[in-house]
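Asker: So that we are looking at the same thing, I have put the structure below in structure tokens.
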Amino acid sequence: MSKNKNRFIRPQANELLARLRESRQFIQVVAGPRQVGKTTMVQQAVEPLSIPVRYASADEPTLRGPMWIEQQWDAARLSATSSQGAVLILDEIQKVGNWSEAVKRLWDEDTRNRVPLRVVLLGSSPLLILKGLTESLSGRFEQTVLTHWSYSEMKQAFGFSLNEFIFYGGYPGAAPLIGNPERWRNYLLNSLIETTISRDILLMTRIDKPALLRQLFELACRYSGQVLSYNKMLGQLHDAGNTTTLAHYLNLLAAAGMVCGLPKFTGNVIRSRGSSPKLQVLNTGLMSALDSSSLSETQKQPERWGRLIESVVGTHLANSALRGECELYYWREGAAEVDFAARRNGKTTAIEVKSGRAPKYHKGTETFAKHFQPDRALLIGGDGIELEEFLSKPATHWVG
């Protein structure tokens, strides 16, 4: 735990640095949930540059408007015209009203006047960022989606063991606190979970039933890895709602990088979207934060530890899907079930997860194979691929 996350450079930083050096004018959008290192990554990318860099954040108590963007842009332009160019970094851009229209107007002016300004926009609400991009900035930007840290990244940056990653998840800001589980849990509950819900969802999107949204988040964490119909979810929740509202709220929680609902694999996109979702956390630390058990206590609970193991495999695949690298589903028909079905490059991979000794006969995988003829079938754990080996390689190594 002696390593410092600021000394660990994610691959995206080197990719952004290369683009900053080779291009004199562009817009780069960096989106992702809170506490995945977006600002740190961009700072690492611009650090080696010899050109002026201007950083400004809209994540302040004072309400920002389009005029604020123009003020920051004009200041960066002055630096750009007196040198080989400049970089403007605008953080939490989605909190500025009509930000995409302002950026489009200023960018088009720079394009006409050939101002060598590189613009990097950061946001912790991918849903709102995407809305602004598609409405106003189509064809004017490239996007980088930063998701939660992988096992390999947490191991390299903080020396995490496999069991620590399974339990504490991939939050770099919380990593130094795992020696004090109570501080770690309070950090996640207050600085991550509550801040994400209250500032990134409730303040930025119209939510008619805030209590229902919070209850749904907690429900998804408790039942991660399980298939629940929206009607069954309503039966578990205290605040009355309807299935359409629940589906919408689950999409918002997914966009915020918290939990998602995986659709059923049917080979038919329309039918998949109408299926009961399989609840899946996007960071297993969320599951642990909502439970009072310690790592050692949880390991002594086979059912709970098994759910964490299946969920950590799900996070590895689901975050890859959020980056657009694959499509992720589950499959179940009667008693036959496959934990995950992933599609990439037109190929299907069936994935089964076992936390203990696996049976020699895997009914779910065999039944799935008869229905859909997958290109590959993987068993994680048991007598299959070791969990650490699976998590140590990118999801794209295993699927497609």
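Asker: Considering all alpha-carbon pairs of the chain, what whole percent are spaced by more than 28 angstrom?
Answerer: Pairs farther apart than 28 Å: 50 percent.
Asker: Given a Förster distance of 35 Å, report the FRET efficiency between N14 and N98 from their Cβ-Cβ distance, rounded to the nearest 0.05.
Answerer: Computed FRET efficiency for N14 and N98 comes out at 0.55.
Asker: Then there's this: Determine the percent antiparallel among the DSSP beta bridges restricted to the chain, to the nearest 5.
Answerer: 35 percent
Asker: Aspartates and glutamates within cross-link reach of K363: Cα-Cα under 19 Å, excluding same-chain residues under 8 positions apart?
Answerer: Partners found: E310, E333, E337, D339, E352, D375, D383.
Asker: Using Cα centres only, tell me the gap between the stretch 181-239 and the stretch 65-107 in whole Å.
Answerer: 34 Å
Asker: Suppose every K and R has +1 on its Cβ and every D and E has -1 on its Cβ; what is the size of the dipole of the stretch 151-398 about the Cα centre, in Debye to the nearest 20?
Answerer: 540 debye
Asker: So, one more: Please arrange H316, H371, H148 by how many other C-beta atoms lie within 10 Å of their C-beta, fewest to most.
Answerer: Fewest-to-most Cβ neighbours within 10 Å comes out as H371, H316, H148.
Asker: Moving on. Using a 10 Å cut-off around each Cβ, can you sort L17, L106, L203 from fewest to most neighbouring Cβ atoms?
Answerer: So the ranking, lowest neighbour count to highest, is L203, L17, L106.
Asker: Now for a different question. Among V120, S82, Q12, whose Cα lies farthest out toward the positive end of the dipole of the stretch 5-145, if unit charges sit on the beta carbon of Lys, Arg (+1) and Asp, Glu (-1)?
Answerer: About the Cα centre, the residue reaching furthest to the positive side is Q12.
Asker: When ranked by the protection proxy of mean other Cβ atoms within 10 Å per residue, highest first, what sequence do the peptides 187-193, 207-213 form?
Answerer: 187-193, 207-213
Asker: Could you work out [θ]222 nm for the chain from helices alone, using -39500 (n - 2.57) per DSSP H run of at least four and dividing by all its residues? Round to the nearest 500 deg cm²/dmol.
Answerer: The helix-only estimate for the chain comes to -12500 deg cm²/dmol at 222 nm.
Asker: According to a simple spin-label model (label point 7 Å from Cα along Cα-to-Cβ), what is the distance in nm between R222 and N190?
Answerer: About 2.5 nm, to one decimal.
Asker: Within the stretch 1-105, which chymotrypsin sites (Phe, Trp or Tyr not before Pro) sit in a loop by DSSP and count at most 10 neighbouring Cβ atoms inside 10 Å?
Answerer: Here no loop site has a sparse enough neighbourhood.
Asker: Counting other beta carbons within 10 Å of each residue's own, what order do F372, F265 fall into, fewest first?
Answerer: By the 10 Å Cβ count, ascending, the order reads F372, F265.
Asker: At R0 = 51 Å, how high is the FRET efficiency between M67 and N345 if r is their beta carbon distance? Nearest 0.05 is fine.
Answerer: The calculated FRET efficiency here is 0.65.
Asker: Hey, another quick one. Taking a threshold of 21 Å on the Cα-Cα distance, which of the pairs K209/K264; K278/K393; K232/K278; K278/K354; K264/K393; K264/K300 fall above it?
Answerer: As for pairs spanning more than 21 Å Cα to Cα, those are K209/K264; K278/K393; K264/K393; K264/K300.
Asker: Using only the Cα atoms of the stretch 5-145, build the gyration tensor, take square roots of its eigenvalues as a ≥ b ≥ c, and label the shape rounded, prolate or oblate: rounded if a/c is under 1.5, else prolate if a/b is larger than b/c, else oblate.
Answerer: Rounded.
Every number in this text was worked out from the coordinates using simple rules, so none of it is lab data. A quick note: this is a predicted structure, and the numbers were derived from the prediction, not measured. Every residue, glycine among them, receives a Cβ derived from its backbone with ideal geometry; neighbour counts consider all protein chains shown.
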